[in-house]
1. Within region 64-76, can one find any residue that is over 25 Å from Pro179 (Cβ atoms), away from the ligand (no atom under 16 Å from the Cβ) and modelled with pLDDT under 95?
2. Regarding Val300, is this residue part of a helix (DSSP H, G or I), surrounded by fewer than 24 Cβ atoms within 10 Å (Cβ to Cβ) and among the aliphatic types (A, V, I, L, M)?
3. Answer with yes or no whether Asp190 is under 33 Å from the mean Cα position of the chain (by Cα) and either of a type outside the set (Ser, Thr, Tyr) or outside any strand (DSSP E or B) (or both).
4. Mind listing whichever residues of region 580-620 are under 56 Å from the mean Cα position of the chain (by Cα) and not hydrophobic (A, V, I, L, M, F, W, C)?
5. Filter region 220-247 down to the residues that are among the small types (Gly, Ala, Ser) and within 16 Å of the ligand (Cβ to nearest atom), then identify the one that is nearest to the chain's Cα centre (by Cα).
6. Within region 185-210, restricting attention to residues that are among the β-branched types (Val, Ile, Thr) and under 20 Å from Glu121 (Cβ atoms), which residue is nearest to the ligand (Cβ to nearest atom)?
7. So Leu15 fits all but one of (1) part of a helix (DSSP H, G or I); (2) more than 16 Å from the ligand (Cβ to nearest atom); (3) not aromatic (Phe, Trp, Tyr); what number is the exception?
8. Mind checking which pairs have a first residue in region 452-473 that is free of Cβ contacts under 8 Å to residues at least 40 places away in the same chain and a second that is of a type in the set (Ser, Thr, Tyr) and assigned to a strand (DSSP E or B), Cβ under 7 Å, 6 or more apart or different chains?
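The values are calculated or read from the model by the stated rules, or taken from the named source; none is laboratory data. All figures in this text were calculated on a predicted structure; none of them were measured in a lab. So basically every Cβ, Gly included, is an ideal-geometry build from the backbone, and we count neighbours across all protein chains shown.
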Amino acid sequence: MSNHLSGSEIRQRFLDFFAARNHKILPSASLVPEDPTVLLTIAGMLPFKPIFLGQKTPEFPRATTSQKCIRTNDIENVGRTARHHTFFEMLGNFSFGDYFKEQAIAWAWELSTEVFNLPPERLVVSVFKEDEEAFAIWRDKIGIPAHRIQKMGEADNFWVSGPTGPCGPCSEIYYDFHPELGDKTIDLEDDSRFIEFYNLVFMQYNRDADGNLTPLANKNIDTGMGLERMAQILQKVANNYETDLIFPIVAEAARLAAIDYQKADEKTKVSLKVIGDHVRSVVHMIADGISASNTDRGYVLRRLIRRVVRHGRLIGIEGQFITKVAEIAIALSESVYGNVRERETVIKAELEREEARFLETLERGEKLLESILEKEKSQISGVDAFTLYDTYGFPLELTQEIAEEQGLSVDTAGFEQEMKKQQQRSKAAHETIDLTVQGSLDKLAEHIHPTEFLGYTDLQATATVTAVLVAGKTVESAAAGTEVQVVLDKTPFYAESGGQIGDKGYLTGDNLLIRVEDVQKESGIFIHFGRIERGIVTTGDTINAQIDRSCRRRAQANHTATHLLQSALKKLVDGGISQAGSLVSFERLRFDFNCPRSLTSSELQQVEEQINNWIAEAHE
Ligand code: SER
């Protein structure tokens with residue numbers, strides 16, 4: 001019988017095996033955990049944490065799941081080793097105070113050797129060095145030779161769900177890819193020979209913040225089998241990425257880059273695998289309601305998307321591509337995780353938006369980065385890394401990754417120092433500025449010189465950005481798609497006053513385009529209200545401020561026309577007429593005046609003719 005099983009078959013066989021042993025099959029929980037101590041669901045046990053801790057009564061004494069998980073602690077190994085991932089599926093069987101060590105070990109062995117048909121002579125196990133009981137079960141009940149039961153320390157074989165929480169000694173099952181190397185040299189750390197595919201945790205303690213262990217009310221079982229790892233073993237492929245669970249994504253990325261995966265060099269393969277891995281993560285994260293941001297899990301998402309985009313560029317994919325590979329990831333998992341298809345539109349829109357934004361960032365910073373890499377021999381300075389971060393939007397991790405690829409390091413201490421300096425600067429200048437709070441403009445005025453108005457003579461000027469505000473609050477910089485308020489040291493833009501509306505126009509810079517819709521002034525500071533159409537605007541940037549001439553011209557004409565109208569009314573209707581209000585916009589004017597009676601239509605006609613005559617006379 002062929003041992004080859006698809007990823008779906010492995011998942012199903014695992015769940016069926018435990019369902020036949022009275023385990024309730026439960027659906028995967030969201031990647032967004034209820035547990036506030038972790039950002040993302042990192043293990044199959046996480047949804048059951050309250051049960052293990054005795055805070056919740058289980059509905060069933062036994063459960064089995066295929067849980068989607070994300071871990072980012074090994075992100076730099078993704079694509080480089082055969083088995084590291086950010087996204088993976090963990091198959092688990094759980095006992096809530098029901099069966100314990102002996103039964104868990106017996107079933108794990110039966111499943112591995114009789115359902116997945118792994119030859120016993122290819123399996124090696126590990127136990128926690130103090131867990132004589134587990135050692136004895138493996139040796140005496142299962143019949144594993146003692147030298148194939150490795151005793152391991154706390155770092156490897158004592159599993160904790162986080163800094164605190166339920167924990168216990170564990171026992172792992174490893175598959176041997178090279179049994180021909182013999183039993184004398186068993187080193188489970190040797191990745192090229194062994195892969196750990198099943199971890200059995202004997203969960204019986206709670207660990208507090210000081211590291212103290214308290215026995216739990218119940219002895220529980222928490223196990224985890226890496227679906228992708230089992231697929232690698234059974235599908236006899238070189239790594240998890242070449243299994244049917246991931247390879248179609250890798251292949252699509254290769255197709256888009258016009259690369260033959262099998263013939264690609266190692267570096268290219270790493271990029272393809274990173275894409276294959278991260279795309280699964282981002283699709284499921286967005287499906288579970290996460291959106292990209294600069295904090296917490298939103299930042300994890302943003303970082304993963306950025307890595308996909310960058311690796312796409314590294315292998316020569318031009319333009320936006322992420323939704324194409326995302327489609328393959330959606331198609332691969334929709335039968336098990338239906339929400340990826342239900343949320344397809346949201347997923348693709350979010351990915352596309354983030355990708356576009358990041359491509360801009362990359363394009364802006366790449367030249368600078370190239371010149372830095374050319375001049376540096378061993379290390380990128382903190383100042384350079386900070387400039388890339390602060391001015392060009394390159395996250396530190398990105399600079400580090402790029403540096404590493406070139407055999408350089410980054411002076412992170414220097415970077416942190418620059419960051420501190422920057423924070424102090426912006427604290428002094430901006431922290432308390434919130435335009436939505438009354439009187440705050442005066443505060444802004446304490447830190448910023450009044451704007452020099454050039455608009456009587458100039459229609460365009462080179463200026464420095466002295467403040468950037470989003471939703472009325474000062475920020476260091478803002479990117480495409482944002483409604484911003486920009487303060488400049490000097491400006492040709494006329495600010496709304498005396499009934500004439502502010503100029504419209506553009507602020508442009510290196511790949512920057514802000515469409516200015518309105519300008520207001522207060523305390524001598526001109527605030528340009530607009531929307532960033534392209535690029536990033538950062539405090540300190542030098543930009544070109546250009547008013548829309550035709551708008552200005554029309555506003556001027558309408559402004560002049562109010563004066564002509566007032567004079568004509570005084571001359572032809574009543575010398576006592578006075579202005580009560582007026583509005584001057586680009587399209588029209590309105591003039592309010594006091595007059596005890598209505599105007600006749602012949603008076604209106606005379607007024608009109610008079611004004612047209614004055615205009616025709618073309619006075620200076
Ligand atoms: N919680 C354990 C792990 O994540 C077993 O599922 O490895």
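1. Yes, the conditions are met somewhere in region 64-76.
2. Considered against the rule, which asks whether it is part of a helix (DSSP H, G or I), surrounded by fewer than 24 Cβ atoms within 10 Å (Cβ to Cβ) and among the aliphatic types (A, V, I, L, M), Val300 comes out as yes.
3. Working: under 33 Å from the mean Cα position of the chain (by Cα): no; either of a type outside the set (Ser, Thr, Tyr) or outside any strand (DSSP E or B) (or both): yes.
Judged against the criteria, Asp190 is not a match.
4. Within region 580-620, Gly581, Ser582, Ser585, Glu587, Arg588, Arg590, Asp592 meet the criteria.
5. As a first pass, look at region 220-247 and keep what is among the small types (Gly, Ala, Ser): 224, 226, 231, 238.
With the extra rule that they be within 16 Å of the ligand (Cβ to nearest atom), the set shrinks to 224, 226.
On the way: Gly224: 27, Gly226: 25 Å.
Among those that are among the small types (Gly, Ala, Ser) and within 16 Å of the ligand (Cβ to nearest atom), it is Gly226.
6. Here is the first cut: in region 185-210, the ones among the β-branched types (Val, Ile, Thr) are 185-186, 195, 201.
Those still in the list that are under 20 Å from Glu121 (Cβ atoms) too: 185-186, 195.
Numbers: Thr185: 26, Ile186: 21, Ile195: 14 Å.
Of everything passing the filter in region 185-210, Ile195 is nearest to the ligand (Cβ to nearest atom).
7. (2)
8. Leu454/Thr491
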